[in-house]
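Chemist: Dropping a structure here in structure tokens format, bear with me for questions.
The values are calculated or read from the model by the stated rules, or taken from the named source; none is laboratory data. Being a predicted model, the structure only gives us computed values, none of them experimental. Here the Cβ positions follow ideal geometry from the backbone for every residue, glycine too, while neighbour counts run over all protein chains shown.
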Amino acid sequence: MKHKTKKFFCFLIGLFLLFSLIGYANEEVVTEKELAEEWFNKAKEATSQELKIEYYSEAIDIDPKYIDAYINRAIAYFNLKEYQMAIDDYTRAIRLKPKDATIYNRRGVSYYNLKEYQKAITDYTTAIKLDPTNALYCRNRGQAYFYLNEYQKAVDDFTKAIELAPQDAANYDWRGYTYQKMGEYQKAIADYTRAIKIVPDKASYYNSRGNAFYSLGEYLKALADYSRALEFDPQYAWAYNNRANTYVKLKNFNNKAVEDYYQAAVLFLEQKNKNQASSCVEKIKELDSSFYLLEKLEAQLKE
């Protein structure tokens, strides 16, 4: 009897120890998850992209399947223009979540920024298949087709984006720009006009429409649009440059053209665009070689 009691007592002790170990193991798992989350939250609050990357990496080291940490670290890499590193993290996230359209789109944007347009198109296409009602994915793919000079495919994607999001001015702007590249200037003007109706204070839309009018030889309309662009953005170098070109076409406005080329040159220099600034200086020389600020501009070009 004593022997049985002893065995039963030992059994209870063993059972207690077993449950204690199981509880301890579970406690360790929970602790690791919480620790990974702590690093994740710390990364979200970090003020620099470098710190974010460091903290998300800590979270990933603890939990290698922490998908949100991969995505957020990719965003931080993207913000630092380290696009290949971003792609690597999005690829890891896709392995963990292969049916998430947003990850394919983001990886596509990274490829796009590396000018790997065909790879971007592949990712955008997958995103569209997973979420066919997302206008942004269509526009993104259209932009990639645009830079591959596949203009009709780009137009088709921008048209689909417009169908899905008719109040997004950027869709009209991109389709207009594509029509312009195709030489279909009236269609481009119609799209820029739609974009302006949606966002009436965006300088680039007026500048783009002005370019289309200019290409059609409708110089007064072009002039009005460039001037309107400059009302909304007085630092718009291209609008000054384009208005100057238009003054030249209209004849008898050389003084105004020179003034605009000068303003454009100054702004291009501020933007470190010496090639375009140099082009403006050459045009000033052609119109008025004695322009009193010409030497100053030439000196700045040599700096």
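Chemist: Quick one: which of TYR205, TYR147 is under 21 Å from the mean Cα position of the chain (by Cα) and crowded, with 24+ Cβ neighbours inside 10 Å?
Modeler: Checking each option against the conditions leaves just TYR205.
Chemist: Among the residues in segment 263-274, are any without any contact (Cβ under 8 Å) to a residue 40 or more places away in the chain, closer than 28 Å to THR159 by Cβ and small (Gly, Ala, Ser)?
Modeler: There is no residue in segment 263-274 that is without any contact (Cβ under 8 Å) to a residue 40 or more places away in the chain, closer than 28 Å to THR159 by Cβ and small (Gly, Ala, Ser).
Chemist: Only residues that are surrounded by fewer than 20 Cβ atoms within 10 Å (Cβ to Cβ) and either acidic (Asp, Glu) or touching a residue at least 12 places away in the same chain (Cβ under 8 Å) (or both): list them for segment 246-255, please.
Modeler: VAL248, LYS249, LEU250, ASN254, ASN255 - these are the residues of segment 246-255 that are surrounded by fewer than 20 Cβ atoms within 10 Å (Cβ to Cβ) and either acidic (Asp, Glu) or touching a residue at least 12 places away in the same chain (Cβ under 8 Å) (or both).
Chemist: If you check ALA101, ALA135, ALA86, which single one turns out to be small (Gly, Ala, Ser) and within 24 Å of LEU51 (Cβ to Cβ)?
Modeler: ALA86
Chemist: Restricting to segment 288-303, name every residue that is among the aliphatic types (A, V, I, L, M) and either under 35 Å from the mean Cα position of the chain (by Cα) or modelled with pLDDT of 95 or more (or both).
Modeler: LEU297, LEU301
Chemist: Working only within segment 241-284, note down all residues that are under 29 Å from the mean Cα position of the chain (by Cα) and within 19 Å of PHE213 (Cα to Cα).
Modeler: Across segment 241-284, the qualifying residues are ASN241, ASN242, ARG243.
Chemist: Whether any residue in segment 100-107 is part of a helix (DSSP H, G or I) and loosely packed, with under 15 Cβ neighbours inside 10 Å is what I want to check.
Modeler: No.
Chemist: Can TYR205 be described as more than 19 Å from THR246 (Cβ to Cβ), in a helix (DSSP H, G or I), of a type outside the set (S, T, N, Q) and touching an Asp or Glu at 6+ places or on another chain (Cβ under 7 Å)?
Modeler: no
Chemist: Taking the condition of a type in the set (A, V, I, L, M) and at pLDDT below 95, does VAL109 pass?
Modeler: So VAL109 fails the test.
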